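Please read the structure below before turning to the comments.
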Amino acid sequence: MIIIAEKKRYLKMSYSLNFRRKGLGIKQKEGVSYEKSSRRFGMGQQTIEGVWL
């Protein structure tokens, strides 16, 4: 379990933070939705959204 101090959220992560950030980076770089970016990387939409929080 990882604790993110800034938001005081507890996350049980099955993907590395680096991998999740890649998904978010594609979303921002290509301007696609969370849904399309998450499908491209084979993870849930909330997984990528969690990086943004």
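The values are calculated or read from the model by the stated rules, or taken from the named source; none is laboratory data. Here the structure is a predicted model, which is why all the values come from computation and not from measurement. Here the Cβ positions follow ideal geometry from the backbone for every residue, glycine too, while neighbour counts run over all protein chains shown.
Can you name the residue in the stretch 41-53 that is surrounded by 15 or more Cβ atoms within 10 Å (Cβ to Cβ) and assigned to a helix (DSSP H, G or I) and is also modelled with the lowest pLDDT among such residues?
Selected residue: 51.
Any residue at all in the stretch 2-25 that's acidic (Asp, Glu), modelled with pLDDT of 80 or more and more than 9 Å from the chain's Cα centre (by Cα)? Explain how you work it out, then say what you get.
Quick first cut of the stretch 2-25, residues acidic (Asp, Glu) only: 6.
Among the residues that remain, those that are also modelled with pLDDT of 80 or more are: none.
No - not one qualifying residue is present in the stretch 2-25.
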